[in-house]
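The values are calculated or read from the model by the stated rules, or taken from the named source; none is laboratory data. Here the structure is a predicted model, which means the values were calculated and not measured. Positions of Cβ are backbone-derived with ideal geometry, glycine not excepted, and every protein chain shown enters the neighbour counts.
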Amino acid sequence: ALVENGTVNDANIGQWKEVDETRSKAMNGDLGAMCDLGGWYYHGTNGLVKNWGIAYSWCKKAADLGHDRGKAGLGVMLYRGHGVEQNIAEGALCLGVAAAMGSPHAAHNLAVLYNKGGNHAGC
């Protein structure tokens, strides 16, 4: 009904299907899907409303299971205080661990953090 009356276009349907499929994968333990959801909620993309709390939850699940991208996302959110109480030291630690695991995102953010002298605005 939403397609027929023009409320939803074909692009939105594809986006919603992708979110639904990704959420299903994440619920079944797919670490990459957990990170995708975390990123989408963090930035408010793929039709999802920005929600740092939900983003943190998904990234933490992936990080706790050893995923470098999840650990990197967790580090940024801890460092900035997005979706969780700010903890600069823990955030920097997570970024360092994720960088050591091979995350280019974490390595970049860790470099920015050190370059800024601990000023979290640039991380």
*Just one of GLY38, GLY83 is small (Gly, Ala, Ser), in contact with a helix residue (DSSP H, G or I) (Cβ under 7 Å, 6 or more places away or on another chain) and in a helix (DSSP H, G or I); which is it?*
GLY38
*Can you tell me how many residues in the range 89-118 are in a loop (DSSP other than H, G, I, E, B) and in contact with a helix residue (DSSP H, G or I) (Cβ under 8 Å, 6 or more places away or on another chain)?*
5
*Among the residues of the range 53-80 satisfying the criterion of being farther than 27 Å from ILE13 by Cβ and of a type in the set (Phe, Trp, Tyr), which is surrounded by the most Cβ atoms within 10 Å (Cβ to Cβ)?*
TYR79
*In the list GLY118, GLY70, which residue meets the criterion of being modelled with pLDDT of 90 or more and among the small types (Gly, Ala, Ser)?*
GLY70
*Criterion violated by VAL49 - all others in (1) assigned to a helix (DSSP H, G or I); (2) modelled with pLDDT under 95; (3) surrounded by fewer than 15 Cβ atoms within 10 Å (Cβ to Cβ) satisfied*: (1)
